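A.B. asks: First the structure, which I've put down as C-alpha cells, then a few questions once you've had a look.
The values are calculated or read from the model by the stated rules, or taken from the named source; none is laboratory data. Computed from a predicted model, the values in this text were never measured in an experiment. All Cβ positions, glycine included, derive from the backbone under ideal geometry; neighbour counts span all protein chains shown. Ligands, DNA and RNA are excluded from the accessible area calculation, which covers all protein heavy atoms including side chains. Shrake-Rupley method; radii C 1.70, N 1.55, O 1.52, S 1.80 Å.
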Amino acid sequence: MGYDREHLSKLLEFVRMLYNDPANAEFAQGLKEIVGTVPSSAGNGKIDKIEKYLALDYDLDTIENPDYAFIKDDKIRNTLNADWREMMRCRYGLRGHKENFGEFARCAHLQMEMLLDIYYTGKYGDADNILKNLQLNATMAQASNPKVKVPDSLNTWAKAYCLQYETGHSYKEFSPLIALNGLRNDESHRSQAKSSKPSVELTYSSVETALSNLTNVVKEAMTY
C-alpha cells in the first residue's frame with residue numbers, strides 16, 4: 001500500500017506538535033516505543049503502526065487543548081475542546097477532513113463566542129449590562145481615537161471589537177478574531193456570495209495566536 005507524500009508530511013507536522021507538547025508525555029513515550037531508538041528503514045508496516053497509534057481522527061477524539069484546562073465547568077471545557085479538535089482536523093487535513101480554512105475559521109469562531117461569553121458574563125452579568133458597558137468604554141475611547149465604533153447592539157463582533165478597551169491590549173492582538181465574523185457567516189450559511197475581504201490578513205497561525213491571546217485574557221480574569 002502506497003502513501004501520499006503530502007499526507008505523510010501533514011502527519012509528521014501533527015506528530016511534532018503533539019510530541020513536543022509537555023502535556024502529551026504519554027503520547028511521546030508511546031511513539032518512542034513504536035519507533036524505537038535504533039534507526040531502521042521504516043517500511044509500510046512501521047508507518048501503519050504509527051498511523052494506527054495516532055489513529056488521526058481517533059486520537060483527536062480524546063486529545064484536549066491544555067490551554068482550556070483552567071475551565072472548571074466540564075460541559076463548557078468539553079465543548080471548547082470538541083470545537084478545538086475539529087479546528088485541528090481542518091487545519092491539518094486529517095483523515096476524513098480536507099484542509100479547509102473556512103471550516104477552520106468557523107470552528108475558531110465557535111470557541112471565540114464561548115470564551116467571550118465567559119469573560120463578559122463573568123464581568124458584567126446580563127446582556128443589557130454588558131452592552132451598556134461596551135458602549136461606555138467605546139465612547140470613552142473615542143476621545144483619543146475618533147475612529148472607534150460604538151456598538152448599537154450586543155453580538156460577537158461587538159464583544160471582540162471592544163475587548164481591547166476592556167483589557168488594555170492592542171487592536172492587533174484581537175483583530176483576527178474581529179475579522180472572523182464574515183468568514184464564519186459565509187461558512188455557516190453556505191453563502192455563495194462571499195463577504196468582503198477582511199481588514200486584516202487571516203492565516204491559520206494568526207487565528208490560533210489571537211484565540212490563544214483571548215484564552216489567556218479569560219484565564220486571567222477567572223483567577224482574580
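A.B. asks: Pick out the one residue from Gly102, Gly125 that is in contact (Cβ under 8 Å) with a residue 40 or more places away in the chain and surrounded by fewer than 16 Cβ atoms within 10 Å (Cβ to Cβ).
C.D. replies: On the way: Gly125 fails: in contact (Cβ under 8 Å) with a residue 40 or more places away in the chain.
It is Gly102.
A.B. asks: Considering only residues of the stretch 109-122 that are of a type in the set (A, V, I, L, M) and closer than 15 Å to Asn216 by Cα, which is most open to solvent (accessible area, probe 1.4 Å)?
C.D. replies: Met114
A.B. asks: Identify, please: which residue in the stretch 128-164 is assigned to a loop (DSSP other than H, G, I, E, B) and among the hydroxyl-bearing types (Ser, Thr, Tyr) and is, among those, least open to solvent (accessible area, probe 1.4 Å)? Spell out the reasoning first.
C.D. replies: Step one: list which residues in the stretch 128-164 are assigned to a loop (DSSP other than H, G, I, E, B), which gives 142-155.
The next check asks that each one be among the hydroxyl-bearing types (Ser, Thr, Tyr); those that pass are 144, 153.
Details: Ser144: 104, Ser153: 48 Å².
My answer is Ser153.
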